[in-house]
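To start, the structure under review is shown below, and the notes come after it.
The values are calculated or read from the model by the stated rules, or taken from the named source; none is laboratory data. For clarity, every value in this text was computed on a predicted model and none was experimentally measured. Cβ placement follows ideal geometry from the backbone for every residue including glycine, while neighbour counts extend to all protein chains displayed. For accessibility, only protein heavy atoms count, side chains too; no ligands or nucleic acids. Shrake-Rupley method; radii C 1.70, N 1.55, O 1.52, S 1.80 Å.
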Amino acid sequence: MTIYAIGDIQGCYDDLQRLLDKIDFNQQTDQLWFVGDLVNRGPKSLETLRFIKSLGDAAVCVLGNHDLHLLAVAYKHSPIRTKDTITSILRAKDKDELLHWLRHRPLFHYNDDFCMLHAGLPPQWDFSMAKKMAAKVEQELRGDSHVKFFKQMYGNEPDKWSDKLKGYEQLRFAVNCFSRMRFCDEKGRLDFKYNGKPGSQPKNLIPWFDLPNRKNAHLKIIFGHWSALGYHHSNNCHAIDTGCLWGGQLTALKLDAQMQRISVDCEGYRVPNH
């Protein structure tokens, strides 16, 4: 089986189809790993969600911040925003089926060689802790208390891991790591204000994958979320959000010993900062 990891789609369904044509995707023999943010901001969020769901076991998808936002809006715990393009999903006849499927996607996926998540891991977490915390959030998302969970999910605090964190504070921190983080300070305190390219950030901030003494540094991690970073490989981490939505590219990374990158140029449906 050939595995391809695919960057943030955000509703750019036509670009996804061109990329799958380019890699000659075969649903019977290949598997697609999606780094999250399947929906929102692009023009065809509903088509994208339906298509990836239809792939069954040929697709694995972790949840991104835009996917979680869709769920929070659908369950009445977040307002729809001006730039959102998720109304077609909320009005679809198969809305409940799609939302149920999305709510049961993982935050952290792995095999013997690679791990995949949407945004990042704090330096204090090893592989075992990442699995444990993902499982805790997934249990809330999939359980009977998921509506209550969405009410508690948003917020920038706590911004640093502690073994003393409990309940929704612990879950909120985990969600922010898996779906939102980019920069931290040297102690692993999350920063949510700056999302530019590494090298342009305030001096106290470090990309999460460059933090010293990271307990997960030995893991080969595939992630998206950071379009300003673009395609990037360092410290065992592969960033593959290459800005399809913004007129960049949509990237597939063949996960084998050669790590081949395949990309298509994208028209771009949004202008940065607009």
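See the values below:
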| read-out | value |
| --- | --- |
| Given K132/K166; K44/K131; K132/K193; K95/K136, the pairs whose alpha carbons are separated by over 23 Å | K44/K131; K132/K193; K95/K136 |
| Solitary cysteines of the chain, where the nearest other Cys Cβ is not under 4.7 Å | C12, C61, C115, C177, C184, C237 |
| Shape category assigned to the chain from the gyration tensor of Cα positions, a/c cut at 1.5 | rounded |
| The chain, helix-only ellipticity at 222 nm - DSSP H runs n ≥ 4, -39,500 (n - 2.57), divided by all residues, nearest 500 | -8500 deg cm²/dmol |
| Farthest toward positive dipole pole in the chain [+1 Lys/Arg, -1 Asp/Glu at C-beta], among Q31, L190, Y269 | L190 |
| Cα centroid separation - the stretch 2-57 against the stretch 209-225, whole Å | 25 |
| Highest-fluctuation residue, P123, P198, P106 considered, GNM on the chain with Cα pairs under 10 Å | P198 |
| Peptides ranked, highest mean first, by Cβ atoms within 10 Å: ranges 242-249, 171-178 | 171-178, 242-249 |
| Charge dipole of the chain about the Cα centre (unit charges at C-beta), most positive-ward option of T82, H104, G243 | T82 |
| Highest to lowest packing among 78-91, 23-36, scored as the average C-beta count within 10 Å | 23-36, 78-91 |
| With 10 Å bins from 0: P(r) over the stretch 1-149, alpha-carbon pairs, percent | 11, 40, 36, 13, 0 |
| Mean separation of Cα contacts under 8 Å, 6 or more apart, over the residue count of the stretch 66-210: relative contact order % | 22 |
| Among beta bridges that DSSP assigns inside the chain, antiparallel share in %, nearest 5 | 55 |
| Whole-number accessible area per residue in Å² for the chain, which is evaluated in the context of all protein chains at 1.4 Å | 46 |
